[in-house]
Amino acid sequence: MRVADVIGNVTLSTCHPTLCGATWLVALPLSLEELRGDDRQRSDAMVIYDECGAGPGVRIAVAEGPEASNPFLPDLKPIDAYNAAILDTIELD
């Protein structure tokens, strides 16, 4: 699971039939240093499947890889990243 900041939305002209009606986000994953505010260098943006209703400016938890499609089992969806939660606060020790 990774933490990311949403920076925008994606609009598709065509998509896989199992993804019709889905919402897609563009987000920047955050490293531990970035969460602490120590580092301002950002990673490459990623596209994330969203069912939580997140929008630009929101911090989210992202599941990637095979875990991204687990919420849809036994159905299969061709996704690489899934918005698992909208985060209100993060506490670091």
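Read the figures in this text as sums done on the coordinates, not as results from a lab. If you're wondering where the values come from, they're calculated on a predicted model, not measured in any experiment.
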Enumeration of residues in the stretch 51-79 that are at positive phi and not in a loop (DSSP other than H, G, I, E, B): G65
Looking across the stretch 12-33 at residues that are outside any strand (DSSP E or B) and among the hydroxyl-bearing types (S, T, Y), the single one that is farthest from P78 (Cα to Cα) is S31
